[in-house]
C-alpha cells in the first residue's frame, strides 16, 4: 500500500494546452488538480505549440498547491516521445498517459522520464478508457511504485463498449468497479470520468454522488462551472469529520484504560473504523491546507 500523503483530488479540470488564456486562468481556479492537455483537445497542427506553451507555463509557476498533470499524446504517436521529454523537464507533478492497456508502456515512459531528468517525485498517471485497459487494471496498477493513479476515460470506454450514457451509468459500473478494486489494492489514486452535458446540473450532481458512493477520490471536469459542485460533493461532510474525531478519541481513551471494546453513539468501533477516521481527518486537513493557500 502507498504511504504517500493524502492529497485532495476532488476536482481535476482538463485545460487545452493550446489555449494560453486558459493556462493562465487555471492559476485562479479552485480546482484541486489541473490536467494540462496535449492530446484530445489539441488539433494536430497545434500540438507543438501546445507542448511549448504548457512546458513554459508550468516552469513559470503560479499554480500554488494545485496538482499539475500534463496529459501527453500516446507514446506510439508522432508527438508522444517529445511530449514526455518536455513534461519530464517541466516541473509538473505528474504525466498522464492516455489509453493505457498494459504495464509495459508505463515502464517505457518512466525510462524516458529518467533519461530526461524527471525528479523521483514526478509520478505517472494512467487513463483507463478501453476494454483492454480495464481488464488489465490490476497489472497496470502494479507496474511501478511511481504510479500515481488512474483517471477514468468513460467517454471513450462507452464508445468501445457500444454502451449508452444513462443517468445511473449502469453500463459502466462493472468497469468502474474493476478499476477501483485495482487502485485500492495498490494504494493509488483514482478519479472518475467526465460529465459531458454542461446544462445538466442535476445529472452532474447525481454522477458526483455516485462517484463518492463508489469510492472515487474526485471527478474529472470539462468546465470551471463544475469545480465547486465537485469540491462540495467529494469533501467529507462536517458530521463525518466530527464523528471521525470522536472515534479516534474514544479509541485512544479505551486503549489507555486497557479496554478492548469501544462504543460511539451506540456503534461498536473496530480498528477498521479507526483507520478510516484517520483517513477522513487527513483528507479534511489537506483540503483546508489547499484552500487556505489559494485564499
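Determine whether the range 177-198 contains at least one residue that is more than 24 Å from residue 232 (Cα to Cα), assigned by TED's automatic domain parsing to the domain that holds residue 32 and buried (at least 22 other Cβ atoms within 10 Å of the Cβ). Taking every residue of the range 177-198 in turn, none turns out to be more than 24 Å from residue 232 (Cα to Cα), assigned by TED's automatic domain parsing to the domain that holds residue 32 and buried (at least 22 other Cβ atoms within 10 Å of the Cβ). On the given criteria, is residue 127 closer than 16 Å to residue 82 by Cβ, surrounded by 18 or more Cβ atoms within 10 Å (Cβ to Cβ) and in contact with a strand residue (DSSP E or B) (Cβ under 9 Å, 6 or more places away or on another chain)? No: the conditions fail for residue 127. Scanning the range 116-138 for residues that are assigned to a helix (DSSP H, G or I) and out of contact with any helix residue (DSSP H, G or I) (no Cβ under 8 Å at 6 or more places or on another chain) yields a single hit, 132. Of the residues that sit in the range 199-213 and are touching a residue at least 24 places away in the same chain (Cβ under 8 Å) and surrounded by fewer than 21 Cβ atoms within 10 Å (Cβ to Cβ), which one is farthest from residue 154 (Cα to Cα)? Going through the qualifying residues, I end up with 201.
The single condition from (1) in a loop (DSSP other than H, G, I, E, B); (2) surrounded by 13 or more Cβ atoms within 10 Å (Cβ to Cβ); (3) over 25 Å from the mean Cα position of the chain (by Cα) that residue 216 fails is (3). Contact map, the range 170-194: first residue assigned to a helix (DSSP H, G or I), second residue modelled with pLDDT under 95, Cβ cut-off under 7 Å, separation 6 or more or different chains; pairs are 171/164.
The values are calculated or read from the model by the stated rules, or taken from the named source; none is laboratory data. As the structure is a prediction and not an experimental result, all values here were calculated from the model. Ideal geometry is used to build each Cβ from the backbone, glycine not excepted, and the neighbour counts take in all protein chains shown.
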